[in-house]
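Just so you know, all these numbers are worked out from the coordinates, no wet-lab data involved. All of these numbers come straight from a predicted model, not from anything done at the bench. Every residue, glycine as well, gets a Cβ built from its backbone with ideal geometry; the counts of neighbours run over all protein chains shown.
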Amino acid sequence: MLILLEAAIIHGDAAPSQGTGNMGDFDREVSKVVYRIDDAYRMGANVTIFIDKVNNAISLYRQGRVRQAYEELQAINKSLSEVLPMARHKYHVRLAEKYVASALILATPLIVYWGLPRLYLCLWFSTRRKWIVEETGNDNG
């Protein structure tokens, strides 16, 4: 979706009908916004609303309302500036969770090998703690 949006702008499908703006500048602005949207998408953020807003900005540009199109892009950039840090934080938290889970899975055999005999002995000793050893009188010695 993002690639098609950017391709339409690059190939001139979004040229204004009453051109007062420079297509190259608008193309660069849209490319920057699309790149940031793609970054947010890769971090796991929901970018549907941003894509709709970019499409709206392109429509405004096509209608010749260049200033409104640039304002829309600036508003998208501002919103992305608020969303991207949160998305990056969530991405890093999810990444850390994956690493911890992987480490625990890989360490499970070692934990069982080292811990299971100790656990068994601890339980065995605790259940037989009150046992009394008595001398039976059988002296084989």
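I'm checking my understanding of the structure. Among residues of segment 75-84 that are more than 11 Å from the chain's Cα centre (by Cα) and of a type outside the set (D, E, K, R), which one is surrounded by the most Cβ atoms within 10 Å (Cβ to Cβ)?
Looking at residues that are more than 11 Å from the chain's Cα centre (by Cα) and of a type outside the set (D, E, K, R), I get Ile76.
Quick check on segment 22-55: of everything there that is β-branched (Val, Ile, Thr) and touching a residue at least 12 places away in the same chain (Cβ under 8 Å), which residue is surrounded by the fewest Cβ atoms within 10 Å (Cβ to Cβ)?
Ile51
Can you name the residue in segment 85-108 that is hydroxyl-bearing (Ser, Thr, Tyr) and more than 16 Å from the chain's Cα centre (by Cα) and is also nearest to Arg36 (Cα to Cα) among such residues?
Ser102
Can you name every residue in segment 109-141 that is hydroxyl-bearing (Ser, Thr, Tyr) and surrounded by 10 or more Cβ atoms within 10 Å (Cβ to Cβ)?
Tyr120
In this structure, is Ile58 in a helix (DSSP H, G or I) and in contact (Cβ under 8 Å) with a residue 40 or more places away in the chain?
When the stated conditions are applied, Ile58 passes them.
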